[in-house]
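Here's the structure, in structure tokens; my notes come after.
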Amino acid sequence: MTPLLEAKNLSRVYQVRRGYFARPNPVRAVDDISVVVMPGETLGIVGESGSGKSTLGRMLLGIDPAQAGEVKLEHKPMPPLRSAQWRALRAKMQLVYQDPLAALDRRLTIAAQIGEPLDIHQIGTKEQRTAQVEELMAAVGLRRDQAGRYPHELSGGQRQRAVIARALATRPSLLVCDEPVAALDVSIQAQVVNMLRDLQEQYGMAMVFISHDLKVVRNVADRVAVMYLGKIVEEGSSDTIFRSPRHPYTKALVSSMPVPGKQLQGRIILQGEPPNPAVRPTGCAFHPRCPLAIDLCRTNAPALRRVGVQRTAACHLVAGDAAAVAA
């Protein structure tokens, strides 16, 4: 099977000032990342806040253009941002935002906003668009009488359903979900996640699911990429990542996941906060917080290498570099 989406060696650097007269400091939000998304699968991207997850998601859609590397959808390079080719391609790839109220126009009704992509891409006749909006509302669990309501008249869960319906209007082959349930109550999160899984199966689309909530990612993802300070530190199938994590950072994340009916055992508590992205540590970026760090970790940045069947990790200890140095 050929990939739906291929991203190779993506990098994006922002210049950040810490004062009006201060010199800008480069911040590597995404640093030499490569990912592949197969048709119909879900790639989960996890990590702490500030790890670069959302920036990577926007780069996959071409919203934040890559300063290095390339993105291909169905073997075709990503066109320049705002070009006619890019606008046409957006029908095949859509974004679900974290904050549904901010993503919706408060001046337009829900039906008007769900049908907006159909108008932009001139899909079907006016009657067909109206029928498709009704079909999409039913698919995401919105009632027909809610079509004429405005965003502030709906609950948070209903607004997110409307955002998802709008994203599905053009029948995209790729849906990028950026923390789609983070702003919702826990009782509503499971409903929205289950709905996304059902819709994915119904429409046969692929998903990139970005979240800091490992419980949700474990429930939806086929494969998982773990990010830390702009880099992927481990990637593999969801089952292997959560059953037997290899990278020390992944181990710490997985150990913090609550298990119903059980107390947390063997939890790894990381010391300190993630480093300032503008002042990256030398060597492995995780070494200041890693309980297993050795001198090699402080001086040499580990490459992302294969450490098993369809599994990669960026760690000297996992890859056996430490043993080689000791020998």
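The values are calculated or read from the model by the stated rules, or taken from the named source; none is laboratory data. From a predicted model like this one, the values you see are computed outputs, not experimental measurements. Glycine also receives a Cβ, built like all others from the backbone with ideal geometry; neighbour counts cover every protein chain displayed. With ligands, DNA and RNA removed, areas are computed over all heavy atoms of the protein, side chains included. Shrake-Rupley method; radii C 1.70, N 1.55, O 1.52, S 1.80 Å.
Quick notes on this structure:
- Residues (open to solvent by 40 Å² or more (accessible area, probe 1.4 Å) and polar (S, T, N, Q)) located in region 157-171: Q158
- Test result for L174, touching a residue at least 60 places away in the same chain (Cβ under 8 Å), within 27 Å of E135 (Cβ to Cβ) and either open to solvent by 30 Å² or more (accessible area, probe 1.4 Å) or touching a Lys or Arg at 6+ places or on another chain (Cβ under 8 Å) (or both): yes
- Single unsatisfied condition, A183 versus (1) part of a loop (DSSP other than H, G, I, E, B); (2) surrounded by fewer than 18 Cβ atoms within 10 Å (Cβ to Cβ): (2)
- If you go through region 186-199 and keep only what is touching a residue at least 12 places away in the same chain (Cβ under 8 Å), open to solvent by 20 Å² or more (accessible area, probe 1.4 Å) and under 26 Å from G236 (Cβ atoms), you end up with Q189, R197.
- Region 218-260: number of residues that are assigned to a loop (DSSP other than H, G, I, E, B), touching a helix residue (DSSP H, G or I) at 6+ places or on another chain (Cβ under 7 Å) and either open to solvent by less than 10 Å² (accessible area, probe 1.4 Å) or under 24 Å from M205 (Cα atoms) (or both): 3
- Test: V226 is closer than 14 Å to G47 by Cα and in contact with a Phe, Trp or Tyr (Cβ under 9 Å, 6 or more places away or on another chain): yes
- Condition met for I294 (touching a residue at least 12 places away in the same chain (Cβ under 8 Å), more than 20 Å from the chain's Cα centre (by Cα) and open to solvent by 80 Å² or more (accessible area, probe 1.4 Å)): no
- Selection status of R149, among the basic types (K, R) and in a helix (DSSP H, G or I): no
- Scanning region 130-156 for residues that are buried (at least 20 other Cβ atoms within 10 Å of the Cβ) and either in contact with an Asp or Glu (Cβ under 8 Å, 6 or more places away or on another chain) or aromatic (F, W, Y) (or both) yields a single hit, P151.
- All of (1) surrounded by fewer than 18 Cβ atoms within 10 Å (Cβ to Cβ); (2) of a type in the set (A, V, I, L, M); (3) closer than 26 Å to V216 by Cβ; (4) modelled with pLDDT of 85 or more hold for A301 with one exception: (3).
- Condition check for K92: surrounded by fewer than 19 Cβ atoms within 10 Å (Cβ to Cβ) and within 30 Å of G157 (Cβ to Cβ): yes
- Region 105-129: number of residues that are assigned to a helix (DSSP H, G or I) and open to solvent by 50 Å² or more (accessible area, probe 1.4 Å): 7
- Checking each residue of region 141-151 against the condition of being among the hydroxyl-bearing types (S, T, Y) and at pLDDT below 95 gives no match.
- Within region 95-104, tally of residues that are part of a loop (DSSP other than H, G, I, E, B) and open to solvent by 30 Å² or more (accessible area, probe 1.4 Å): 3
- Sole residue being within 13 Å of the chain's Cα centre (by Cα) and either surrounded by fewer than 15 Cβ atoms within 10 Å (Cβ to Cβ) or small (G, A, S) (or both), chosen from S34, S54: S54
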